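S.K.: Input: one structure, supplied below.
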Amino acid sequence: MPDLSSVITFAVASLALLVIPGPAVIYVLNRSVSDGREVGFAAVAGLELGNFVHVIAASVGLSAVLATSATAFNAVKWLGVGYLVFVGIRTLATVPNTIAGAMPSMSQSRAFRQGVVVNTLNPKVALFFLSYLPQFIDPDNGAAWSQSLILGSIFVAIGCLTDGTYAFTASALRQVLVSGRTLPFVQRYVAGTVFVALGVMASTTSRH
């Protein structure tokens, strides 16, 4: 098990990294503003499950495969790019349903599934665990896989708090948007553009 000093240092560093807006934060903000707090929290749950997939992968050494194999890395990268761009184009082409009160346009289950895919197919997350997590693994403190699992779980827990805070704050703005014509624009054009932009961002990721 990692010593207390390593846990605290890792937690502080993880918090600093997680509060900086990236693809996951952008996705949470988009879903929370477009569809409300419950859908935003469902998106957070999906993203953190996607993060935990990378924790498991790092614990069993799969992240190392992504870092050392160009074929494996590119396969994951372009799957993620293709998914994000596909969802973005489909969103841009779809006319949002008429807003009735504060009804969301996306279900919680769909937001959850999208969140899982967004982070599972995000090679940047895998590279983060490969390049950052090993710095806190001490061979004298037990098996590397168990230390990786513990530290990765701490990262996911902090991610729940930070992403959840973003979802809570952003969804508070939705009530203002629902009363006007802004929300349908956000649900279609802003959301679609965000997904395409995330795909472009993912396409620039390199193994180095």
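Quick note: the coordinates plus some simple rules give every number you see, no bench work behind them. Bear in mind that the values here come from a model prediction, so they are computed numbers and not experimental data. Neighbour counts are summed over all protein chains in view; Cβ atoms, including those assigned to glycine, are modelled from backbone coordinates with ideal geometry.
S.K.: Provide the gained length on full extension for the span TRP145 to ASP3, in nm with one decimal, where the gain is 0.36 nm per separating residue minus the Cα-Cα distance. Provide the component values of the computation, followed by the final result.
M.R.: Numbers: separation 142, 0.36 × 142 = 51.12 nm, distance 1.48 nm.
Using 0.36 nm per residue and subtracting the Cα-Cα distance, I get 49.6 nm.
S.K.: Continuing with this model, one more query. Hey, what do the phi angles of segment 107-122 turn into as Karplus ³J(HN,Hα) couplings, whole Hz, using 6.51/-1.76/1.60 and θ = phi - 60°, x for Gly and Pro?
M.R.: Karplus-based 3J(HN,Hα) across segment 107-122 equals 6, 5, 5, 5, 4, 4, 4, 4, x, 4, 5, 4, 8, 5, 8, 9 Hz.
S.K.: If I model a spin label at VAL12 and GLU38 as a point 7 Å from the Cα along the Cα→Cβ vector, what separation in nanometres do I get?
M.R.: Calculated label separation equals 4.1 nm.
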